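Notes to accompany the following structure.
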Amino acid sequence: MASISAIPPGNQISPANERVYHQSNLLGDWKGTWTKNNQAVELKVVSIKGSSAQIEYTHNGHTERGTGTVDGGTITYGNITLGTRNGTSAALLFEFGTAKQSAALTKTAAPAEQNKLVGSWIGSSVSTGQTATFRVLAINGRDAQVQYTVNGNTMTGIGDVYKNVVTLGKVQVSSDDGVHGTVTFPVGHSTLTVQVTKFTPKTA
């Protein structure tokens, strides 16, 4: 059973910043080419927590991972700055002394299989009496609109999507087939994994 520390934290974007800057638009996998040399460049914004962003920056054939600084609708990491207004296209600027370069990036769509996570996942543990409902309302790239209720406590927010897992805070749902899955959440000083099934409304 995974410890709480093993569960990756979700995005913590303040409601004020989301309302003004739409910082969730920054989340995702951005790909494009530099305008001067047409070399490929990729910037993954894995998560945003306060004024920090977890970044994967791929250029010249190698990948750097680190923490960028979020300021309004932009993220700065080292000598590069990414900015987007619509969440689908972005500008990437590189500045080092007098050297400057720019790139136009496009957010790549999430693999189709991730859409299997969209829906309402419901389950309970017979041995502990713990119940969980995890609703994935929509997925856009690495960004998921999520609402979950665990033992009567409800939380709504923007979760992280990674392969077949959606995580919001310390609660996550995973499924390989889009029908059966698990919800993992903290209980006291440990974590509990509950088997869940996607709710399918009956048609007349």
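Bear in mind these aren't lab numbers, they're just calculated from the coordinates by the rules spelled out. Keep in mind that what you see is a predicted model, and the values were worked out from it rather than measured. We place every Cβ from the backbone using ideal geometry, glycine too, and count neighbours over all the protein chains shown.
Some notes on this structure:
- The calculated FRET efficiency for Gln147 paired with Thr63, based on their beta-carbon distance and R0 = 41 Å, is about 0.75.
- Cα point-scatterer Debye curve for the chain, base-10 log of I(q)/I(0) at q = 0.08, 0.10, 0.14, 0.18 Å⁻¹: -0.31, -0.47, -0.84, -1.19
- Relative contact order (%) - criterion: Cα under 8 Å, at least six apart; region: the stretch 15-107: 26 percent
- Helix-only CD estimate at 222 nm, as mean residue ellipticity for the chain, using -39500 (n - 2.57) per DSSP H run (n ≥ 4): -1000 deg cm²/dmol
- Exposure proxy order (Cβ contacts within 10 Å, fewest to most) of Glu18, Glu64: Glu64, Glu18
- Taking trypsin sites (Lys or Arg not before Pro) as exposed when their DSSP state is a loop state and no more than 14 other Cβ atoms lie within 10 Å, the longest site-free interval of the chain runs over 86-162.
- Relative contact order computed over the chain (Cα-Cα under 8 Å; 6+ residues apart), in percent: 18 percent
- The charge dipole of the stretch 15-107, taken about the Cα centre with unit charges on the Cβ atoms of Lys, Arg (+1) and Asp, Glu (-1), comes to about 140 debye, rounded to the nearest 20.
- Using only side-chain charges placed at the Cβ, +1 for Lys and Arg and -1 for Asp and Glu, the dipole size of the stretch 111-198 relative to its Cα centre rounds to 100 debye.
- With R₀ set to 41 Å, the beta-carbon distance separating Ser102 from Ala138 gives a calculated FRET efficiency near 0.85.
- The modelled label-to-label distance for the pair Asn79/His180, using points 7 Å beyond Cα in the direction of Cβ, is 5.3 nm.
- Calculated on alpha-carbon atoms, Rg and Dmax of the stretch 111-198 in Å: 11.9, 36
- Full-stretch length increase - Ser14, Thr35 - with 0.36 nm per residue and alpha-carbon distance subtracted: 4.2 nm
- Using only the C-alpha atoms, the convex hull of the stretch 15-107 corresponds to 85 Å³ per residue.
- Counting Lys and Arg as +1 and Asp and Glu as -1 over every other residue whose Cβ lies under 15 Å from the Cβ of Phe94, the net charge comes to -1.
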